[in-house]
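Input: a single structure, listed below in C-alpha cells.
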C-alpha cells in the first residue's frame, strides 16, 4: 500500500505542477499527465484481489507486497522521466 500511495503521489504531484495560467489549462494538464494513476489504481485493485486472499498453508502475500511496491514507484518515476516537460 505504501508503494502504491508514493507512486500515486509522484504521478499526481507532477500532474498539478506547472504554470497555473488558467483553470481549464490546469485541468487539461492534470488529465494529460495524471491518467497513469488510474492504471496503477486498476492494477493495485487487481493484485490485491488476487493476492489478498489469505491462504493458511502458504502466505504469498508477503513477497508480492514487497515486490510490487517498488515496481509501482519505479513505473511512476520512469513515466515522469520519459514524459519530461508538458
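In this rough spin-label picture, where each label sits 7 Å from Cα along the Cβ direction, the residue 12-residue 35 distance is 1.9 nm.
If the segment from residue 83 to residue 66 were pulled out straight at 0.36 nm per residue, it would be longer than the present Cα-Cα gap by 3.5 nm. As a rough guide to protection, the peptides 71-77, 43-49 ranked by mean Cβ packing within 10 Å, highest first, stand as 71-77, 43-49. Projected label points at residue 27 and residue 49, each 7 Å from Cα along the beta carbon direction, are separated by 3.0 nanometres.
Bear in mind that the values in this text are calculations on the coordinates, not laboratory data. Because the structure is predicted, anything quoted here is derived from the model rather than measured. Cβ atoms come from the backbone with ideal geometry, glycine included; neighbour counts cover every protein chain shown.
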